Amino acid sequence: MVAHLVRLKLTLLRNGFKRSPWQLVGVILGGLYAVGVLALLIAGLFFLSYTEPEMARMVVVLGGSAAFLGWALIPMMATGVDMTLDPARFVTFAVPMRQLLLGLAIGGLVGIPGVVTLVAALGHAAAWWQHPVALVAAVLCAGIATLTCVVLSRVTTSASTTLASSRRFKDLSGVIGIIPLVLLGPITLGITEGFRSSQDFLPSLTEGLAWSPLGAVWAVPGDLALGNWGAAAARLLIAVAFLAVMAWLWKLSLARALVTPPYNAVSRKAGGKLGWFSRMPGTPAGAVAARALIYWFKDPRYGASLVSIPLIPVAVFFGLSQAGDFTFMLWLGPMIAFLLSFAISADIAYDNTAFALHVTTGVSGRADRIGRVVACAVIALPATVLLTVLPFVFIGEWHLLAPVSGVALGILLTGLGLSSVVSARYTYNVPLPGESPFKTPPGSTARMMLVQLGGLGVLGLLALPEIVLALIGVFTGEPLWGWLALVVGVVLGAVLLVVGIVLGGRWYDSRTPELLQAVAKNK
Amino acid sequence: MTSHPSQPPVQQPDNQNPGQPPAVGAPAPGPADGVPAPAQQPAAPAYGAQAPVPALAVRGLAKRFGEKIAVNGVNLDVPAGSFYGLVGPNGAGKTTSLSMATGLLRPDYGQVWVHGVDVWAEPLKAKRLMGVLPDGVRLFDRLTGEQLVTYAGLLRGMDRETVAARVPDLLRAMDLTNDAGTLVVDYSAGMTKKIALATALIHAPKLLVLDEPFEAVDPVSAANIRDILHDYVASGGTVIVSSHVMDLVQRMCDHVAVIAGGNVLAAGTVDEVRDGASLEERFVQLVGGRTQAEGLEWLRTS
């Protein structure tokens with residue numbers, strides 16, 4: 001049975017590659033990256049063995065605890081990074097619980113994250129090659145630790161799936177999950193500040209973690225190397241007990257999941273509220289705009305980019321607070337303009353097969369393009385204007401407002417035009433409707449990067465006139481150049497927007513069925 | 001297939017006849033390697049004064065996906081005002097054929113006319129005449145049911161007042177009035193099917209193409225929908241439904257075509273096709289593949 005489950009997982013992985021060569025490319029790139037990181041990691045651990053054992057122990061405990069936390073939290077935030085062996089799919093098979101547990105645990109190791117963790121855990125023994133007892137213990141602890149990682153992720157995911165079976169929670173967690181991601185910079189900054197302010201912060205953190213279930217297993221080899229036999233035994237006990245408790249919890253939640261099918265309680269609502277549909281003109285383009293706007297606010301995949309608008313200034317602010325020079329904040333407007341205008345470059349891919357409605361109703365390419373651009377502009381234009389002007393309110397330097405807003409508006413308009421062309425021609429796999437915004441379909445990354453980087457390059461070229469004028473204005477201090485940048489940005493941007501809509505619309509019209517087939521591949 | 005005087009009412013196309021490509025006056029590509037295009041009816045549908053224009057005419061429709069030939073030169077005439085059933089086993093090419101007939105999937109070969117309008121030459125004009133319920137596609141499910149139907153109407157270019165007048169009628173007919181404000185993502189499978197059907201009806205099309213319309217729909221709603229469709233046909237509309245519930249097709253439809261392995265095995269009025277037997281018996285006869293019950297000797301409870 002266990003072998004069956006592992007083989008099933010392997011088959012699923014392999015069949016996944018067969019669907020598209022891009023997927024294989026993505027996995028190979030991911031694998032190469034992982035191998036590189038692993039090699040660096042193990043080499044680093046090896047060199048650690050020449051330092052004091054305390055040092056090696058501290059690094060191992062901190063790194064190991066971080067790995068545990070990662071396994072526990074990342075799948076939960078991404079609502080099921082890997083649900084190929086979703087227990088719900090085994091409900092109808094009478095698999096004995098013990099074998100199902102073991103099979104799912106080992107199956108969870110198959111895949112890049114599992115293998116990387118296993119190799120890294122085993123590799124950490126390299127830090128202890130000078131202490132034979134610690135070396136043996138390290139290998140043993142690596143096994144316990146890896147198993148704990150898998151079980152831990154299963155426990156947290158199955159605990160959260162109870163909540164996540166409600167769509168509202170899933171939507172909300174997807175949108176909220178973006179916040180720590182965007183604020184990663186400020187958060188790490190805060191932590192490093194903490195390190196700097198107190199010299200013995202790390203050692204005391206290590207001691208604390210070493211007695212907690214997160215770090216206990218990682219501290220055992222170090223304790224042995226230092227000769228603390230008693231502490232090592234106690235920590236091993238903590239580690240094993242933790243694994244046992246987690247496995248028991250997992251078993252409980254699995255047993256519950258197997259007899260409780262997901263159920264989504266929904267309250268019935270009578271109609272009468274058309275929302276954006278009654279605010280937009282009653283034309284095909286207006287309808288597309290209304291639909292897209294509803295999605296901006298109701299679909300977590302769009303909601304995530306909406307939430308990040310106010311967070312990006314915060315992240316940039318903290319990034320600059322190191323240097324103490326905030327003049328760069330003045331370029332916030334163009335940054336937001338680029339991010340938002342390019343957000344609709346995969347709009348049709350986001351529709352997935354719902355796009356069939358556009359095909360059967362025979363909506364013209366121009367109406368489709370205009371609707372999507374208008375919806376994006378309703379959000380992006382105020383956001384861009386606000387974030388262009390706001391920094392000047394705080395920093396001053398008002399003489400730079402004209403060139404900066406020229407660049408911001410130019411990039412916004414040009415970007416919207418470019419997105420209109422890109423989304424009608426170059427589709428790539430995106431998270432499916434209803435899925436977490438973080439869930440990138442495996443292997444789509446390569447093509448996505450290609451399209452996005454290409455788009456960025458082209459956008460830079462198209463917006464070059466206003467950028468050059470603005471830079472001249474900034475460096476010479478002549479207000480004329482700034483005003484020229486503003487005029488050129490708006491006029492050229494508007495022209496490019498119209499060109500983009502016409503060209504994208506024409507492409508859309510000539511290959512609507514092919515577009516539907518392209519987005520239907522991602523299921 | 002009744003509108004062709006030169007053809008026998010029930011045809012049994014033989015695909016050993018890889019003759020000419022289905023040249024229908026269009027850029028006629030030769031048969032693809034591996035796609036034998038049966039020239040069953042090589043002539044373009046020439047509609048004289050005596051033959052009425054069929055609601056849907058399909059000539060030599062073929063599609064391959066990689067190695068697999070999904071649709072192998074299908075010819076069909078769906079008379080205007082008929083209730084046409086399309087039956088076939090799973091994977092017979094029903095959905096692929098209907099997708100190509102409705103402009104969702106570009107055919108490799110062949111042509112399709114809807115009331116005389118070439119679907120692939122004048123797609124926008126043809127799509128105005130058709131209401132389509134595709135199978136296996138998502139809906140814009142973050143809209144409420146009411147918004148979704150409104151959206152379909154506005155996308156068709158209908159004016160707001162007409163849409164606003166028709167949407168409540170459609171929701172009532174589908175028994176969804178109380179759920180009009182619920183997001184479609186929270187609908188059950190049957191409700192989703194019904195709201196999708198409503199989006200196909202909003203513009204009062206002349207031809208309705210419904211792929212598996214009764215799947216997961218409860219019996220009461222299904223009966224209501226059947227009534228709506230019968231009224232629609234009685235008033236001159238044409239309905240094509242695909243299904244693998246033979247009983248339903250036999251009771252509901254007046255014409256039927258049997259598709260298997262990407263070929264039309266028989267087509268005509270239901271009585272002609274079933275030829276005295278029940279449609280299910282005739283279907284099994286045509287399609288084959290019945291295994292005898294001895295196959296599972298161990299499956300005995302005693």
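FYI, it's all coordinate maths here, none of it is from the lab. These numbers were taken from a predicted model, which means no experiment stands behind them. Cβ: placed from backbone, ideal geometry, glycine included. Neighbour counts: every protein chain shown.
Figures for the structure shown
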| item | result |
| --- | --- |
| A:E478-A:L184 FRET efficiency (beta carbon distance; Förster radius 41 Å; 0.05 resolution) | 0.55 |
| Among the listed pairs A:K298/B:K125; A:K521/B:K206; A:K298/B:K127; B:K94/B:K127, those beyond 24 Å (Cα-Cα) | A:K298/B:K125; A:K521/B:K206; A:K298/B:K127 |
| For B:A266, distant residues with modelled amide H under 5 Å away | B:V258 |
| Peptides ranked, highest mean first, by Cβ atoms within 10 Å: ranges A:282-294, A:374-386 | A:282-294, A:374-386 |
| For region A:278-520, average projected area of the Cα convex hull in nm² | 13.5 nm² |
| Folded to 0 to 90 degrees: helix A:112-123 orientation relative to chain A principal axis, Cα | 40 degrees |
| Length-normalised contact order for chain A - Cα pairs under 8 Å, 6+ apart - percent | 17 percent |
| Long-range amide H partners of B:L208 with built H, under 5 Å | B:G131, B:T238, B:V239, B:I240 |
| Mean separation of Cα contacts under 8 Å (6+ apart) over length of region B:157-301, as relative contact order % | 15 percent |
| Average Cα contact separation per residue, region A:320-422, under 8 Å, 6 or more apart, as relative contact order % | 53 percent |
| Cα-based helix-to-principal-axis angle, A:479-510 vs chain A, degrees rounded to 10 | 80 degrees |
| Extended-chain gain in nm, criterion 0.36 nm per residue less alpha-carbon gap, A:A233 and A:V498 | 88.2 nm |
| Residues listed by number, region A:443-481, amide nitrogen under 19 Å from A:L32 label point at 7 Å toward C-beta | A:443-454 |
| B:D275 versus A:T92: modelled label distance in nm, points set 7 Å from Cα along the beta carbon direction | 3.6 nm |
| Sorted largest first, extent of chain A alpha carbons per principal axis (Å) | 76, 60, 43 |
| Cα-based convex hull, region B:211-277, per residue volume (Å³, whole number) | 100 Å³ |
| Once exposed loop chymotrypsin sites (Phe, Trp or Tyr not before Pro) are cut out (DSSP; at most 13 other Cβ, 10 Å), longest piece of chain A | A:264-523 |
| Cut-off under 5 Å, modelled amide H: who pairs with B:R64 long-range | B:A70, B:D108 |
